[in-house]
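Here's the structure, in structure tokens; my notes come after.
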Amino acid sequence: MGKEKLMKLELKDIKKSFGEKQVLKGAGFTFEQGKIYGLLGRNGAGKTTLFNCLSGDLETDGGEALLLEETEGDGINAVNRLMPESIGYVFTTPILPEFLTGYEFLKFFIDINKGKTRIEKTVDEYFDLMKIEPEDRHRLIKGYSHGMKNKLQMLCFIISRPPVILLDEPLTSFDVIVALEMKKLLREIKKDHIIIFSTHILQLATDLCDEIVVLSNGVLEQVDHEMLHSKEFEEKVIEMLSDGKSMGAESGEQK
Amino acid sequence: MRYLATMLLAIYNINATINANRVIFYLKRLPLLGKRIPDRLYSDSELKMIATVIVTILNVLRKFIGKTIYIGLMMVLPLMLLFKEIQRPEYPAAFLQLFFFLSLIAGTVQISALLEANRNKYICIKLMRFNARDFVVPTLFARHATNFIYFLPSVMLTYALLGGKILHGLLLLILMTAFRLSFEAVQLLIYDKTRILINKRFLIQWLVIIPCLAAAYLPLFYHSVWPVGRILFSLPMILLLAAGAAVGIAYILKYHEYKRTIEATLKLDDIMVDFSKMKGEAIFSSVKMKEEDFSEESLRSGKFEKKQGYEYLNALFFERHRKLLEKPILNRLAIIGTVLAVGIIISLFFPEAAGQLEHNLPSILPSFVFVMYFISLGDRICKAMFYNCDISLLRYSFYRRKDVILRSFIVRLRKVVVLNLIIGIAICVALYIFVEVADISFRWMDLMLFTVSILCLSVFFSVHHLFLYYVYQPYTTELGVKNPFFKIINSVVYLACFACLQLRNVPGYFTLVVIGATVTYIIIGLTLVYRLAPRNFRVK
Ligand SMILES: Nc1ncnc2c1ncn2[C@@H]1O[C@H](COP(=O)(O)OP(=O)(O)OP(=O)(O)O)[C@@H](O)[C@H]1O
Ligand SMILES: [Mg+2]
């Protein structure tokens, strides 16, 4: 094997307001490949907004997002603006073309990714992977449950394997078995991706994520890695969430 | 009475708050000014009070003006301008005839204050859990009472100015209101027994409206005026309408299944569940897809398995929306066939009428421009594309890529053009048959040019709709704030078509003008799509 390549997602001073309400006030952070980041924040903190800004669904008011490529020893050898194509994004409320059946949507999605990545499985094998029953595959997506739609969205990034994967509270709608499978799957693929994962479930965050980032008062802060499995962790996070003061947390921008 | 007043006040308050919020929302979208309006306004109750009062006053004014314009455009102007042979002494009778058929009959079938689904009703009954009867019965009376008042000045004044008795104007409105109230009861009865909503059945509506239009205007063409007043203002008629209203009101007050009934009517538009989509309700329900419409085999068939990627997607889109595309085409073909049959019959009985076309084919083209405007498809297909397909896929970055947008534009354009050409060709064929059967002589050149211009118009309207959709993307998920450019371009095209209808002496080169104009528009439209669509084609 040659030198290891490492990707980094660097957010610089991302700003976004809706009217007078400033939601993101210069959020900055560097996310690294190979780790799952848990993004915590109160309702309305701006998690979805941040994801939408990154994915190009919303225009930012300022700041930039860069995708860096580092080779071990050589340092940074490529700096690119983060393009929407490099992102796989699973929305909280899944949005899919409802006039298609699940099967048709997947076939379509595989087709358009054929030139770009290696497709390893057939449509039905992907369905098996997600535990979507054969009789459901040929039904209109319109009639799918929330969880089933989310599974399809998950399949999208499993198929297209973009460098950056954004997950906006996805696991909450999965049944116990699929949630476990998904966690396993995310752990398996994490070495090739930068995965950011927003959730309200603390336990899921500590259990699955390698790092915890808190979005509070419009900026991003990392929870000290040491704290992650310590007893005071919960209190700490709650403290950060409730007043946004950075007590003992290292700021992402200085990393 | 107290109960009525309190209910109405409560409903008014909710309504007014929603309206005020909406006004603030729109104000904030104004260029320049919008930025200065603080969000605070939503919660500032004093300012909001003022906004509410202003909105209410404007609304009332709008209603009065609207009624006056309606009376002016539909009744007074035609009397003054179109039917010059009708003499002054006949004006009151002619006005009565027009008002009777247009407002009293045709207008009444379009209203069902009890059963129609609207935003306020939805919010109050479904979301705020008002008692259904407490909501609909007071609003029913308020609706017809205010309508009576809004009509009052314009009808009484017009009638008096035209030379009628001012009190007869008042009586006319009272009778109209009585009739409307009894018809509300009839609709409720029909809905209760058959679940048919008359004001949602377009066929029934048109079956009433078209004869009414004919009965209102046709006699005037032949300089005759029907003695509407003598019948309407006769004592038996007045008693009959009064009795009808009394029975109707009694039925409405006595009816006890409002909860079930009203909930059923509101369910018709399930999409209103989402607040933000409420405005799209009407548009949406006309393009909505139902899962039951598709059998399992058809979903499983793998008919397009060989197609790839976007081809596959588009093929499936049109396959799943076949009903939406085929039905209007068949309807239109049926209409063309009927018109042809009627035309042939007329030409057999009145050869001289058809003879006017002799050597004069180009003279009918202007009317066909207008016909093409109405008969072309496009608008509804674009809405279906938006609500059923693009609104979701545009969330994905791959779907927003320039080449993807342009490619699916081409595929869709091709499809829509084919559909419209079917109609265009049918019209041309119908004309050939007519010309042949009626034995009209014409210049071959004229017929050729006529055909070419009809086909050009077919392509033109296809491009027109898709161009507006791709460049201005007029449909929105939110309150349906439409793009002003969209409205302007659409109005200009409509006015141009309408102006064609008004042409009396058609110049010889008109056909060439049509061909030239449509081709130019098509070229400009396509260029703009290529230039602007990749940037503008977004969910807004
Ligand atoms: N399109 C919009 N227009 C106006 N304000 C918006 C819009 N989208 C989001 N906001 C506001 O931005 C803030 C952040 O919203 P966002 O949806 O990003 O929160 P979130 O962290 O995802 O919350 P949740 O945990 O509930 O999903 C909220 O106050 C919200 O009201
Ligand atoms: Mg969110």
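Can you spot a residue in the range B:435-444 that is farther than 30 Å from B:Arg119 by Cα and among the aromatic types (Phe, Trp, Tyr)? Looking for residues that are farther than 30 Å from B:Arg119 by Cα and among the aromatic types (Phe, Trp, Tyr), one finds at least one in the range B:435-444, hence yes. Open to solvent by 30 Å² or more (accessible area, probe 1.4 Å), on the phi > 0 side of the Ramachandran plot, away from ligand 2 (no atom under 16 Å from the Cβ) and under 15 Å from the mean Cα position of the chain (by Cα), is that true of A:Arg187? In short, no. Based on this model, can you work out whether A:Ile159 counts as away from ligand 1 (no atom under 16 Å from the Cβ) and modelled with pLDDT of 90 or more? Spelling it out, it is not the case that A:Ile159 is away from ligand 1 (no atom under 16 Å from the Cβ) and modelled with pLDDT of 90 or more. A:Ile87 - would you say it is under 22 Å from the mean Cα position of the chain (by Cα) and facing chain B (nearest Cβ under 9 Å)? Yes; evaluated as a whole, the condition is true for this residue.
I'm checking my understanding of the structure. Among residues of the range B:316-342 that are away from chain A (no Cβ under 14 Å) and among the charged types (D, E, K, R), which one is surrounded by the most Cβ atoms within 10 Å (Cβ to Cβ)?
This residue is B:Arg332.
Determine if the range A:125-147 includes at least one residue that is within 28 Å of A:Leu68 (Cβ to Cβ), crowded, with 16+ Cβ neighbours inside 10 Å and touching a residue at least 40 places away in the same chain (Cβ under 8 Å). No, that holds for no residue. Of all the residues in the range A:52-68, those that are within 13 Å of ligand 1 (Cβ to nearest atom) and closer than 14 Å to A:Val164 by Cα number 4.
Against the criterion of being open to solvent by less than 30 Å² (accessible area, probe 1.4 Å) and either of a type outside the set (Val, Ile, Thr) or in a loop (DSSP other than H, G, I, E, B) (or both), A:Asn150 qualifies. Within the range A:81-95, how many residues turn out to be among the aliphatic types (A, V, I, L, M) and within 16 Å of ligand 1 (Cβ to nearest atom)? Total satisfying the criteria: 2. A:Ile159 meets each of the listed conditions (1) within 12 Å of another protein chain (Cβ to nearest Cβ); (2) open to solvent by 10 Å² or more (accessible area, probe 1.4 Å); (3) not in a loop (DSSP other than H, G, I, E, B) apart from (2).
Apart from one condition, A:Glu104 fits all of (1) out of contact with any Asp or Glu (no Cβ under 6 Å at 6 or more places or on another chain); (2) open to solvent by 30 Å² or more (accessible area, probe 1.4 Å); (3) more than 27 Å from A:Leu180 (Cβ to Cβ); (4) within 14 Å of another protein chain (Cβ to nearest Cβ); the exception is (2). Output the residue which, of all residues in the range A:3-51 that are buried (at least 17 other Cβ atoms within 10 Å of the Cβ) and within 14 Å of another protein chain (Cβ to nearest Cβ), is farthest from ligand 1 (Cβ to nearest atom). Selected residue: A:Phe51. Out of curiosity, is A:Glu70 within 14 Å of another protein chain (Cβ to nearest Cβ), of a type in the set (Asp, Glu) and more than 16 Å from ligand 2 (Cβ to nearest atom)? In short, no. Within the range A:162-181, the set of residues being in contact with a Ser or Thr (Cβ under 9 Å, 6 or more places away or on another chain), open to solvent by 10 Å² or more (accessible area, probe 1.4 Å) and away from ligand 2 (no atom under 16 Å from the Cβ) comprises A:Pro163, A:Ala179.
Each row is one residue, and each column tells you yes or no for (1) assigned to a helix (DSSP H, G or I); (2) in contact (Cβ under 8 Å) with a residue 40 or more places away in the chain; (3) within 14 Å of chain A (Cβ to nearest Cβ).
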position: B:Pro362; (1), (2), (3): yes, yes, no
position: B:Phe368; (1), (2), (3): yes, yes, no
position: B:Arg380; (1), (2), (3): yes, yes, no
position: B:Asp403; (1), (2), (3): yes, no, yes
position: B:Leu406; (1), (2), (3): yes, yes, no
position: B:Leu413; (1), (2), (3): yes, yes, no
position: B:Val417; (1), (2), (3): yes, yes, no
position: B:Ile425; (1), (2), (3): yes, no, no
position: B:Val429; (1), (2), (3): yes, no, no
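How many residues does the range A:110-124 contain that are surrounded by 15 or more Cβ atoms within 10 Å (Cβ to Cβ) and within 10 Å of chain B (Cβ to nearest Cβ)? The qualifying residues number 4.
With respect to the conditions (1) assigned to a loop (DSSP other than H, G, I, E, B); (2) at pLDDT 85 or above, A:Ile119 lacks only one, and its number is (2).
Quick one: which residue in A:Thr117, A:Thr101, A:Thr71 is closer than 28 Å to B:Lys402 by Cβ, away from ligand 1 (no atom under 16 Å from the Cβ) and of a type in the set (Ser, Thr, Tyr)?
Answer to the check: A:Thr117.
Of everything listed in (1) under 19 Å from A:Ile165 (Cβ atoms); (2) out of contact with any strand residue (DSSP E or B) (no Cβ under 9 Å at 6 or more places or on another chain); (3) more than 16 Å from ligand 2 (Cβ to nearest atom), the single unmet condition for A:Asn80 is (2).
The single condition among (1) open to solvent by 60 Å² or more (accessible area, probe 1.4 Å); (2) within 14 Å of chain B (Cβ to nearest Cβ); (3) more than 15 Å from the chain's Cα centre (by Cα) that A:Leu58 does not satisfy is (1).
Residue-by-condition table, conditions (1) of a type in the set (Asp, Glu); (2) touching a Leu at 6+ places or on another chain (Cβ under 6 Å); (3) buried (at least 17 other Cβ atoms within 10 Å of the Cβ); (4) farther than 18 Å from B:Val471 by Cα:
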site: B:Ile345; (1), (2), (3), (4): no, no, no, yes
site: B:Phe350; (1), (2), (3), (4): no, no, no, yes
site: B:Tyr373; (1), (2), (3), (4): no, no, yes, yes
site: B:Phe386; (1), (2), (3), (4): no, no, yes, no
site: B:Leu393; (1), (2), (3), (4): no, no, yes, no
site: B:Tyr396; (1), (2), (3), (4): no, no, yes, yes
site: B:Asp403; (1), (2), (3), (4): yes, no, no, no
site: B:Arg407; (1), (2), (3), (4): no, no, no, no
site: B:Ile410; (1), (2), (3), (4): no, no, no, no
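The set of residues in the range B:489-518 that are β-branched (Val, Ile, Thr) and open to solvent by 60 Å² or more (accessible area, probe 1.4 Å) comprises B:Val492, B:Val513.
A quick yes/no check of all residues on (1) in contact (Cβ under 8 Å) with a residue 12 or more places away in the chain; (2) assigned to a helix (DSSP H, G or I); (3) of a type in the set (Gly, Ala, Ser):
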| position | (1), (2), (3) |
| --- | --- |
| A:Asp13 | yes, no, no |
| A:Ser17 | yes, no, yes |
| A:Gln22 | yes, no, no |
| A:Leu39 | yes, no, no |
| A:Ala45 | yes, no, yes |
| A:Cys53 | yes, yes, no |
| A:Thr60 | yes, no, no |
| A:Gly88 | yes, no, yes |
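The single condition among (1) facing chain A (nearest Cβ under 10 Å); (2) of a type outside the set (Lys, Arg); (3) open to solvent by 80 Å² or more (accessible area, probe 1.4 Å); (4) free of Cβ contacts under 8 Å to residues at least 40 places away in the same chain that B:Glu311 does not satisfy is (4).
The values are calculated or read from the model by the stated rules, or taken from the named source; none is laboratory data. Note that this is a predicted model, so its numbers are computed, not measured. In this analysis, Cβ positions are derived from the backbone assuming ideal geometry, glycine residues included, and neighbour counts consider all displayed protein chains. Please note that ligands, DNA and RNA were not included when accessible areas were found on the heavy atoms of the full protein model with its side chains. Shrake-Rupley method; radii C 1.70, N 1.55, O 1.52, S 1.80 Å.
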